[in-house]
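Structure first, then comments.
All of the numbers you see were taken from the coordinates with simple rules; none came from a lab. All figures in this text were calculated on a predicted structure; none of them were measured in a lab. Methodologically, a virtual Cβ is constructed for each residue, glycine included, from the backbone with ideal geometry; neighbour enumeration extends over all protein chains shown.
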Amino acid sequence: MIAWNRKDLVALEELTPAEITHILDTAAAFKQVGTRDIKKVPSLRGKTLVNFFVEPSTRTRISFELAAVRLSADVVNISVSTSSLTKGETLKDTALNLQALHSDIIVLRHSSAGAAQFLAERLAASVINAGDGSHEHPTQALLDTFTIREKLGKLEGLHVAIIGDILFSRVARSNIHALLKLGARITLVGPSTLVPREFEKMGVAVTHRIDDILEDADVVNLLRIQHERQRQEYFPSLGEYTALFGLTKERAARLKPNALIMHPGPINRGVEIDSDIADSGRSVILDQVTNGLAVRMAVLYLCAGARGK
Ligand code: CP
């Protein structure tokens, strides 16, 4: 057991293996709470959480809201289209106004890398990064590692293949940091334009052939092509991408019998993953979503508890 003293969660790169394990263990305890008749605990009673999403989200925004409700916090949701950001108010001024209204926790999703760190350094409130540009998406990687540990019983020594658009993926970066710290081996798979060999400096393997990992991987984590962050074409067509890197039925049949098929969502069915494979018993995609609730309860509980320490 460690003493948690971080008011913010901005990036997994800065966490120690013990801190990551502590979040996963705390999440496991909160998952138990979810199986009880009365699923609410009073841990954040009297606290106010603001969900401040400057980019679209389904899973992350709703699961932070549900996590806060389960912890008995009050929740306010702000979307960019209904905020004064549309009138030119800066991110900093918006956040200072939220703090002036006695917000205790701000969950921020933003298209700019570094936005969460920027606020964390300026606010007394806890700032939780719900995805900042191509930088990090820490709670996604925490729920991914939680799901792997839950399903396969460990992380140490496992071979995790992350397939797809790595270059623009905050999910990939956070997963790389978390999984390496917890002892997993990682291979990044995708076209050379989206998976440059530069990533090898992080301590991972890189291949541009999906055939290289199918028989050996314990986990395949498929990523969406993030058109919203790409300013040029990185491969000839979606059809060619699917032909070379999609998890088709034929490729899925070559995976180990107990290999996990993961995806952070949203899925592009028929592009990075065959629709039937996404719905098959080997896919843990919806388990990931369920586990996101417990993981986000743990993060809110720990960070809010560290304020003022
Ligand atoms: N995985 C994920 O971040 O999904 P949302 O964009 O729907 O939150």
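Across region 136-238, how large is the tail of the calculated P(r) beyond 21 Å, expressed as a percent of all Cα pairs? Tail of the P(r) past 21 Å holds 29 percent of the pairs.
Counting alpha carbon pairs within less than 8 Å and at least 6 residues apart, what relative contact order, in whole percent, applies to the chain?
23
Among 297, 1, sorting on how many other beta-carbon atoms sit within 10 Å of each Cβ, with the fewest leading, yields 1, 297. At an R0 of 35 angstrom, the distance between the Cβ atoms of residue 13 and residue 79 translates into a FRET efficiency of 0.80.
Stretching residue 280 away from residue 100 to a fully extended chain increases their span by 60.0 nm, per 0.36 nm per residue minus the current alpha-carbon distance.
In the chain, the longest principal axis of the Cα atoms and the axis of helix 91-100 are about 40 degrees apart.
Helix 59-70 and the longest principal axis of the Cα set of the chain meet at an angle near 40°.
Only helical runs count toward this figure. For the chain, summing -39,500 (n - 2.57) over DSSP H runs of n ≥ 4 and dividing by all residues gives -11000 deg cm²/dmol at 222 nm.
Considering only DSSP beta bridges whose two residues both sit in region 52-202, what percent are antiparallel, to the nearest 5? Within region 52-202, antiparallel bridges account for around 5 percent of the total.
Would you please name the trypsin sites (Lys or Arg not before Pro) within region 174-211 that are DSSP coil residues with at most 16 other C-beta atoms within 10 Å of their C-beta? Here the sparse-neighbourhood loop sites are 209.
May I ask which of 40/154; 7/47; 31/181 have a Cα-Cα span longer than 20 Å here? In this structure, 40/154; 31/181 exceed 20 Å between Cα atoms.
Evaluated at q = 0.11, 0.13, 0.23 Å⁻¹, the base-10 log of the normalised Debye intensity for region 1-90, with identical point scatterers placed on the Cα atoms, takes the values -0.43, -0.60, -1.28.
Each 20 Å bin, from zero up to the one with the longest distance, holds this percent of the alpha carbon pairs of the chain: 34, 57, 9.
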